[in-house]
Amino acid sequence: MRDERLGKIADNLVSYSLDVQAGEHIMIMVVDEGELLAAELVKKLYAKGAFPHLRFVRPKVQREWMKGLSDDQLAQMVQWEQEMWNGIHGYIGIHGETNDSEMKDVPEEKNRLYAQYFHSIARRVDNDIKGIRINYPTAALAQKAKMPTEEFEDFYFEVCSLDYRKMSIACEPLYQLMDQTEHVRITGPGTELQFSIKGIGTQLAVGKRNMPDGEVYTSPVRDSINGTISYNVASQYKGTTFDNIKLTFREGKIVEATANHTAKLNEILDTDEGARYIGEFAIAFHPSILHPMGDTLFDEKIAGSFHLTPGQAYNRADNGNRSTIHWDLINIQRPDYGGGEIWFDDVLIRKDGLFVHPALLGLNPQQLLR
């Protein structure tokens, strides 16, 4: 990626996404590649009078470390980490993984042990401090998108440099409507689902927590979901790619789950009690992201999609569900993916991926790209 483009993205992250102020301590965490963007961020943070801090994670080494984790080791580490994170005002995570299957052979019990000990820190990072996560345009990510590296870099720059201030204004009507809605119904191929979102609260996601971004989210009332959903976007979880995921709900709980790896899917959903309940419902609308590429940060923003997420709820739209997992599973409702409808209180708001409610037309791609 060319230096001037890195500088622009770094400026957007520091000035818009985190709105960094002088004297703040900002943690920059780089996973695998991403040093060039991190260097630009350090320059921007110092220019703001802030204090950058750096941490580098190398998955090949992390893999070996994870395999040997113990309770005593993690108890001591969490004590150190909690003290550090209590003094951090903001977080920028740069994910430049070159092999997202690197951790595939880490035993599930070690993943659970790590998640158990770091749960409180993860909740603080997700909910109590400002933070942004951005992927880095590696050759591996370009390969996922089935693009030459240079073409992917151009795409990456386009979606990360969208006018998110304009998007924020455009999605205000959806925020207002969702916040006033009690009953949601979703239909589509293999999907007939109903639930309540009454009283949960609604949040905008417009470049303040993720980059790229573009969604409005809430959570279902925990025990209100009934019906079946068939997801049409493959999803990778800890090195395994799941496809054709189908979930059946009864009074909020996933009572049946199938996929190409059904046994492993159910093992994940049995991580804890909250893993079989939903912690997020989001409607997405990034106008330049149209097709899945096997990366959740991009895929969950696809125009005409929604995601319904087993696991942990966010504090900002909290239905009370608690879990060590938060797994964004995605369904695209555009005609080229089978179509579908979303209804709010018996009023059709989106059909086949396009908003049809008069107040929401500004969120359709041709409007957001003007």
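Numbers below:
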quantity	calculated
Number of the exception - Gly93 against (1) crowded, with 19+ Cβ neighbours inside 10 Å; (2) in contact with a Phe, Trp or Tyr (Cβ under 9 Å, 6 or more places away or on another chain)	(2)
Selected residue [within 18 Å of Cys160 (Cβ to Cβ), open to solvent by 10 Å² or more (accessible area, probe 1.4 Å) and touching a His at 6+ places or on another chain (Cβ under 9 Å)] from Pro292, Pro365	Pro365
Residue list for segment 117-152, restricted to those being under 15 Å from Asp100 (Cβ atoms), touching a Ser or Thr at 6+ places or on another chain (Cβ under 7 Å) and not aliphatic (A, V, I, L, M)	Thr138
Residue within segment 238-258 that is polar (S, T, N, Q) and touching a strand residue (DSSP E or B) at 6+ places or on another chain (Cβ under 7 Å) present	yes
Matching residues in segment 97-132 - criterion: being closer than 24 Å to Glu273 by Cβ and either among the polar types (S, T, N, Q) or without any contact (Cβ under 8 Å) to a residue 24 or more places away in the chain (or both)	Glu109, Asn111, Gln116, Ser120, Ala122, Asn127
Among the candidates Asn260, Asn244, residue that is among the polar types (S, T, N, Q) and touching an Asp or Glu at 6+ places or on another chain (Cβ under 8 Å)	Asn260
Selection within segment 150-171 - surrounded by 16 or more Cβ atoms within 10 Å (Cβ to Cβ) and part of a helix (DSSP H, G or I)	Phe152, Glu153, Phe155, Tyr156, Phe157, Val159, Cys160, Tyr164, Met167, Ser168, Ala170
Within segment 312-356, considering residues that are over 30 Å from Tyr114 (Cα atoms) and in contact with a Leu (Cβ under 7 Å, 6 or more places away or on another chain), the one surrounded by the most Cβ atoms within 10 Å (Cβ to Cβ)	Phe355
Filter pass, Pro310 being at pLDDT 95 or above and farther than 22 Å from Met147 by Cβ	yes
Selection status of Tyr231, surrounded by 16 or more Cβ atoms within 10 Å (Cβ to Cβ), within 29 Å of Arg124 (Cα to Cα) and of a type in the set (Phe, Trp, Tyr)	no
Yes/no for Tyr175 being part of a strand (DSSP E or B) and touching a residue at least 24 places away in the same chain (Cβ under 8 Å)	no
Hey, Ile302 among the β-branched types (Val, Ile, Thr), within 28 Å of Tyr136 (Cα to Cα), buried (at least 21 other Cβ atoms within 10 Å of the Cβ) and at pLDDT 95 or above or not	yes
Condition met for Tyr46 (of a type in the set (Phe, Trp, Tyr), part of a helix (DSSP H, G or I) and surrounded by 15 or more Cβ atoms within 10 Å (Cβ to Cβ))	no
Extreme residue, nearest to Pro335 (Cα to Cα), among residues of segment 180-200 that are among the charged types (D, E, K, R) and either in a loop (DSSP other than H, G, I, E, B) or at pLDDT below 95 (or both)	Glu182
Search result, residues across segment 118-144 that are farther than 30 Å from His25 by Cβ and open to solvent by 20 Å² or more (accessible area, probe 1.4 Å)	Ala139, Ala140, Gln143, Lys144
Residue within segment 53-66 that is among the basic types (Lys, Arg), more than 22 Å from the chain's Cα centre (by Cα) and open to solvent by less than 70 Å² (accessible area, probe 1.4 Å) present	yes
Single match in Asp345, Asp352, Asp318, Asp328 (criterion: in contact (Cβ under 8 Å) with a residue 40 or more places away in the chain and under 14 Å from the mean Cα position of the chain (by Cα))	Asp328
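The values are calculated or read from the model by the stated rules, or taken from the named source; none is laboratory data. Small disclaimer: the values here were computed from a predicted structure and weren't measured. As a convention, Cβ positions derive from the backbone with ideal geometry for all residues, glycine included, and neighbour counts pool all protein chains shown. Accessible surface is based on the protein model in full, side chains and every heavy atom, while ligands, DNA and RNA are left aside. Shrake-Rupley method; radii C 1.70, N 1.55, O 1.52, S 1.80 Å.
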